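Enquirer: Pasting a structure here, questions to come.
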Protein chains: 2
Amino acid sequence: MRDTKTAVQEIRAFNRFYTDIIGLLDAHLLDSEYSLSEVRTLYEIHIGKSVQASQIMTAMHIDKSYLSRLLKKLEKDGLICKTPSEEDARATLISLTGKGLKVFKTLNKASDEQINELISNLPVRKQEELVNHMKSIMDILQHK
Amino acid sequence: MRDTKTAVQEIRAFNRFYTDIIGLLDAHLLDSEYSLSEVRTLYEIHIGKSVQASQIMTAMHIDKSYLSRLLKKLEKDGLICKTPSEEDARATLISLTGKGLKVFKTLNKASDEQINELISNLPVRKQEELVNHMKSIMDILQHK
DNA sequence: AATAAATAGTGGACTTTGTCCACCATTTAT
DNA sequence: ATAAATGGTGGACAAAGTCCACTATTTATT
């Protein structure tokens, strides 16, 4: 392994840098009617097709009661539907409704555009900084 | 510019991936007596040596009233001191006290160790995933 | 010089996000 | 048959952060 100090410093610098970028994206996304966690929940249901609450919970690293409430809102808005699992009467299976899929796709598209705009507007200086950070980290990982 | 769809998708995939990693780090750091924002505030004061509240605010993208409260706590704990600015009577200059520097260094070291541990324990699969994400993004930026 | 507008910061009230805990129902293990 | 684990809900609460109104200066405008 190469010099640990440098590697760690580099990763922390990248974290600060990238946390900032993600923060900006997240902030922009907040105009929507749905919170970040709600959108993320829709995403998890979307890719899982038909999932249990506990699976979403694990994927998102959130508390089950919080998830329960997120799901409640999404259900109230008619974006998801719950059906009792046939194998396990404790569990309910969650899936997107037609409306849910539509809303998800809309939000997703908005997010794509956001990112696209970010890429287009990223000043060259920031781009170079990002690339340099990434190079260092790749270097660290490949030599560890 | 290359295929936009792919580029945007790739960046979003990386965001999800890296948000997860950062989340883990942040969660681990929470054992400390100080919150993430408080530590970040100490960091900003540390690198700025002697700064105004408004500078920290801009760097951290947080509300001024929230920062005011963060500073109040740090001051109460004797980690920072405020002195009225001589050029501008509206402003106060903020700097770390001896104790503040000591605490910051301790927290900083803990954070370093955290990252170090993360690197050491990152499964090869995750490492490769990270490197692949980064390669794609660098590729995107360099061809845009 | 007088006043309008901008800048720096504080504190009250509030919202959002998320956790902890107690609880019910069902299922699996002993 | 019963203990323990799993899946989920809801109450109470904590943490993080925003919005707004206010004070005190400072800078710009007439």
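Enquirer: Please state the charge dipole magnitude for the protein assembly as shown, taken about the Cα centre, from unit charges on C-beta atoms (+1 on K and R, -1 on D and E), reported in debye and rounded to the nearest 20.
Expert: Value, rounded to 20: 180 debye.
Enquirer: Oh, and also: What does the buried accessible surface come to for B and A, summed over both chains, with the probe at 1.4 Å? Round to 100 Å².
Expert: Working: alone 10060 and 10060 Å², together 16590 Å².
The B and A chains share an interface burying roughly 3500 Å².
Enquirer: Now for a different question. Just want to confirm a number: the relative contact order over chain A, from Cα pairs under 8 angstrom separated by 6+ residues, in percent.
Expert: Working: 110 pairs, mean separation 45.3, N = 144.
Computed over chain A, the figure is 31 percent.
Enquirer: Continuing with the same structure: Can you give the charge dipole size of segment B:4-143 about its Cα centre, rounded to the nearest 20 debye, using +1 on the beta carbon of Lys and Arg and -1 on the beta carbon of Asp and Glu? Don't skip to the answer; put the middle values down first.
Expert: On the way: 19 positive and 19 negative charges, 46 e Å.
In total the dipole reaches around 220 debye.
Enquirer: Compute, for B:THR6, the solvent-accessible surface of its heavy atoms (probe 1.4 Å) with the complete set of protein chains present, and express it in square angstrom to the nearest 10.
Expert: 60 Å²
Enquirer: What value in Å³ per residue do you get for the convex hull of the alpha-carbon atoms in segment B:1-110?
Expert: Details: hull volume 16.1 nm³, N = 110.
In segment B:1-110, the Cα convex hull volume per residue is 146 Å³.
Enquirer: On to the next question. Label-to-label distances across copies for B:SER54, with labels 7 Å out along Cα→Cβ, in nm, shortest first?
Expert: Taking the point 7 Å beyond Cα along Cα→Cβ, the inter-copy spacings are 5.5 nm.
Enquirer: Here is a follow-up. At 7 angstrom along the Cα-to-beta-carbon line, where would the label on B:SER65 sit relative to the other copies? Give the distances in nm, shortest first.
Expert: From this label point to the equivalent ones elsewhere in the assembly: 2.8 nm.
Enquirer: Taking only the alpha-carbon atoms of segment B:56-95, what semi-axes of the equivalent ellipsoid follow from 5 times the gyration tensor eigenvalues under a square root, in whole Å, largest first? It would help to have the intermediate numbers written out before the result.
Expert: Working: eigenvalues 57, 44, 12 Å².
Here the semi-axes work out to 17, 15, 8 Å.
Enquirer: Pick out, in residue order, every one of the GluC sites (Glu not before Pro) in segment A:36-144 that is DSSP loop and has at most 14 other C-beta atoms within 10 Å; say none if there are none. Kindly include the intermediate steps, with their values, before the conclusion.
Expert: Details: sites: A:GLU38, A:GLU44, A:GLU75, A:GLU86, A:GLU87, A:GLU113, A:GLU117, A:GLU128, A:GLU129; in loops: A:GLU86, A:GLU87.
Hits after loop and neighbour filter: A:GLU86, A:GLU87.
Enquirer: For chain A, which DSSP H helices look membrane-span-like by this rule: Cα extent along the axis of 24 Å or more and mean Kyte-Doolittle of at least -0.5?
Expert: Values: long enough: A:4-29 (37 Å, 0.10); A:98-121 (34 Å, -0.58); A:124-143 (28 Å, -0.58).
Long hydrophobic helices here: A:4-29.
Enquirer: Using Stokes-Einstein with the Kirkwood hydrodynamic radius over Cα pairs, what translational diffusion coefficient do you get for the protein assembly as shown at 10 °C and a viscosity of 1.306 mPa s, in µm²/s rounded to a whole number? Walk me through the numbers before you get to the answer.
Expert: Numbers: Rh = 21.6 Å.
The diffusion coefficient I find is 74 µm²/s.
Enquirer: Also, quick follow-up: Dipole of the protein assembly as shown (Lys/Arg Cβ +1, Asp/Glu Cβ -1, origin at the Cα centre): which of A:PRO123, B:SER68, A:LEU42 lies farthest to the positive side?
Expert: Farthest towards the positive pole: B:SER68.
Enquirer: Next question, about the same structure. Scan around B:LEU93 for amide H atoms under 5 Å from its own, H built in the peptide plane at 1.01 Å from N, and keep only partners 5 or more places away or cross-chain.
Expert: It is B:THR83, B:SER85, by chain and number.
Enquirer: Using a label point 7 angstrom from Cα along Cα-to-C-beta, what distances in nm, from shortest up, separate B:THR83 from the other copies?
Expert: Counterpart label points of B:THR83 in the remaining copies fall at 7.2 nm.
Enquirer: Radius of gyration and Dmax for segment A:52-130's Cα atoms, expressed in Å?
Expert: 17.9, 56
Enquirer: Going by the rotation axis that takes chain A to chain B, pick out the residue of A with the closest C-beta and quote the gap in whole Å.
Expert: Axis-proximal residue of A, distance in whole Å: A:MET134, 2.
Enquirer: Now, a different point. Report which residues of segment B:117-137 become buried by 50 Å² or more of accessible surface when going from the isolated chain to the complete set of protein chains (1.4 Å probe; DNA, RNA and ligands ignored).
Expert: Buried by 50 Å² or more upon assembly, which counts only protein chains, are B:ILE119, B:GLN127, B:VAL131, B:MET134.
Enquirer: While we're here: Run the dipole for segment A:1-77 about the Cα centre, Lys and Arg Cβ at +1, Asp and Glu Cβ at -1, nothing else charged, and hand back the magnitude in debye, nearest 20. Display every interim value, and only then the final one.
Expert: Working: 11 positive and 11 negative charges, 63 e Å.
Computed about the Cα centre, the dipole is about 300 debye.
The values are calculated or read from the model by the stated rules, or taken from the named source; none is laboratory data. Since the structure is predicted, the reported quantities are computational estimates derived from the model, not experimental observations. Backbone-built Cβ (ideal geometry, glycine too); neighbour counts: all protein chains shown. Just so you know, the surface numbers come from the protein's heavy atoms only, side chains and all, with ligands and any DNA or RNA stripped out. Shrake-Rupley method; radii C 1.70, N 1.55, O 1.52, S 1.80 Å.
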